[in-house]
Amino acid sequence: MASRAFGTTAALAIMVAAAAVAPAAQATVPTRATATAAAPVTPVEGRVDYNGDGFADLAVAAPGATVNGQAGAGYVAVVYGSAKGSATATRQIVTQDSAGVPDTAEAGDAFGGALVSADLDRDGYSDLVAGAASEKDGTVDRTGLLTVVWGGATGLSGGATLLAGEQYHQVGGRLTAGDFDGDGFADLATVRATSLQTLAGPFTRAGAAAGTAVYPDVEDVRYLGLASGDVNGDGRDDIAALTHAGDEFDSRTILVAAGGAAGLGALTPVTGGPHGYAIEGGEHLAVGRVNGDGYADLVVGRAIDGYDSDLGLPLARGGMVTYVPGGAGGAQGTKAKVFNQDSAGVPGTAEAADGFGSSVAIGDTDGDGFGDIAVGVSREALGTVQRAGAVLVMPGTSAGPTGTGTKGFNQDTPGVTGVAELNDRFGSAAAFVDGNNDGRKELAVCAPGEDTGAGAFWSFPATTTGITVTGSSAVNNATLGTVAVNAALGASFGR
């Protein structure tokens, strides 16, 4: 990467403290003033807080990273929030060689390829759940593994295996968490081969779930994304899924399974398109509150264009984002809105292979009660620099998202650390986190192709007028003290 003092100046709005990843101790447990607190702060809905100090934390995946000489074993970097932001925050690196974490870091495991957080044992601390879809069982390929690392007053430590798959099951490749039956305990859902599997809470410290259920594949679908939220407002979380037909990659569908006292209902397509057809799906999914009506809404990114179906869907050019509001009857497909870079107010121009919708995230950045939408445009060319990437933040309103007032950021934006380079893919992942607990969510953005695949991630502060470049900063493997080669740091963020 070209200079501009990468990772050496005033640090992340949720800063990372310096420490190397030593072969004998892959996890660095943070030292915090709250470590001796008698009890964690009462959890807030949607806030990830591993140490219970009341400030939101962020997990970042580096699934291609080398750990103790094992290429592609993968690690997870955890950035802790604090009242003063960079003044007191600390960081932690978690791998399968960390003390108390089950299994062993091996080449190609891709630990952390999918990440979610939930209080699985209901002790008041968020726990980190990491998927390793490429995990082997001896010589058996791609069985997959789901691991929990427990939260506590001093941060994450210890862990347990939650679920292991069989050959080619790739357990943990798709992952979400929520309370699907409304009993007050967090549940998990993952994909097992072509079936959806749920694990019901509460979980024991040995990793045992209170119950499991498998929703078998009945139409040969392939899952592209999972996310959870209370779409119909009944007090139970619902699961949204993105799928494509196994024999037709172009056939994209948005499915929703409503939560219920007995668990999830059937996965049902979201309809409302022309003639009542299913709404066009995509590859990237976020569920959250955009229009402020109390129902969780769906945002779907379809970043890959060039399908046959695009011939009748001009907005797919360069990628598109679909917003589907929630309501008492569930996802309201008839009220869906679709955007691309030719939509009014959205910066840029829709061009083939831009990757608009490469990532999507929902968060209130200005404290107005409406969720704004981050949209990655990871293959956007900046001048002659191909696939440099960018991210846009679309404002939320009572009528849903709008292009008017959309802000755009990339590595050539004045004040942003770094320089746009070939294949950086800035915007491949995005997340919102209120690290300083001021009621506004900062924006985190990654570029897994930075420095020829080493990867990096950025933080942009939130103000009363939304996201700003002022005070933004970046973190890479050099900052973390981890091995940079092909690490793909920032491949995904925890949810």
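So, in region 125-142, of the ones that are in a loop (DSSP other than H, G, I, E, B) and modelled with pLDDT of 95 or more, which residue ends up surrounded by the fewest Cβ atoms within 10 Å (Cβ to Cβ)?
Only one residue fits best here, namely Tyr125.
Anything in region 448-480 that is part of a loop (DSSP other than H, G, I, E, B) and either open to solvent by less than 20 Å² (accessible area, probe 1.4 Å) or among the aromatic types (Phe, Trp, Tyr) (or both)? List them, or say none. Explain how you work it out, then say what you get.
Restricting attention to region 448-480, the residues satisfying the condition of being part of a loop (DSSP other than H, G, I, E, B) are 448-449, 454, 461, 464-465, 468-472.
Hits for region 448-480 are Pro448, Gly449, Ala454, Ser472.
Taking region 191-226, which residues are closer than 16 Å to Ala160 by Cα and without any contact (Cβ under 8 Å) to a residue 12 or more places away in the chain?
Ala208
Select the strands (runs of 3 or more DSSP E) contained entirely in region 264-372, then report the ones holding at least 3 residues which are out of contact with any His (no Cβ under 6 Å at 6 or more places or on another chain) and either closer than 21 Å to Leu196 by Cβ or of a type in the set (S, T, N, Q) (or both).
Here the list reads 284-288, 297-302.
So is Val483 assigned to a strand (DSSP E or B), in contact with a strand residue (DSSP E or B) (Cβ under 9 Å, 6 or more places away or on another chain) and either under 25 Å from Gly64 (Cα atoms) or open to solvent by 20 Å² or more (accessible area, probe 1.4 Å) (or both) or not?
Criteria not met by Val483.
Could you check how many residues of region 224-258 are open to solvent by less than 10 Å² (accessible area, probe 1.4 Å) and part of a loop (DSSP other than H, G, I, E, B)?
Qualifying residue count, region 224-258: 1.
Checking Val324 against (1) open to solvent by 10 Å² or more (accessible area, probe 1.4 Å); (2) closer than 30 Å to Asp234 by Cα, which test does it fail?
Looking at each condition in turn, Val324 falls short on (1).
Would you please list the contacts, defined by Cβ atoms under 7 Å and residues six or more apart or on different chains, that run from a residue in region 252-264 that is closer than 13 Å to Arg236 by Cβ to a residue that is among the acidic types (Asp, Glu) and open to solvent by less than 10 Å² (accessible area, probe 1.4 Å)?
From residues that are closer than 13 Å to Arg236 by Cβ, the pairs are Val256/Asp238; Ala257/Asp238; Ala258/Asp238; Gly259/Asp238.
Is it the case that Gln170 is free of Cβ contacts under 8 Å to residues at least 40 places away in the same chain, open to solvent by 50 Å² or more (accessible area, probe 1.4 Å), out of contact with any His (no Cβ under 7 Å at 6 or more places or on another chain) and not hydroxyl-bearing (Ser, Thr, Tyr)?
Yes.
If I filter region 271-292 down to residues being modelled with pLDDT of 95 or more and among the β-branched types (Val, Ile, Thr), which single residue comes out as farthest from the chain's Cα centre (by Cα)?
Once the filter is applied, the top-ranked residue is Val290.
Only one residue in Gly165, Gly159 is more than 19 Å from the chain's Cα centre (by Cα), modelled with pLDDT under 95 and over 25 Å from Gly301 (Cα atoms), so which one is that?
Checking each option against the conditions leaves just Gly165.
The values are calculated or read from the model by the stated rules, or taken from the named source; none is laboratory data. Everything numeric here is computed off the predicted structure, so don't read it as measured data. With ideal geometry, Cβ positions are generated from the backbone for all residues, glycine too; neighbour counts draw on all protein chains shown. Just the protein is used for accessible areas: all its heavy atoms, side chains included, with ligands, DNA and RNA removed. Shrake-Rupley method; radii C 1.70, N 1.55, O 1.52, S 1.80 Å.
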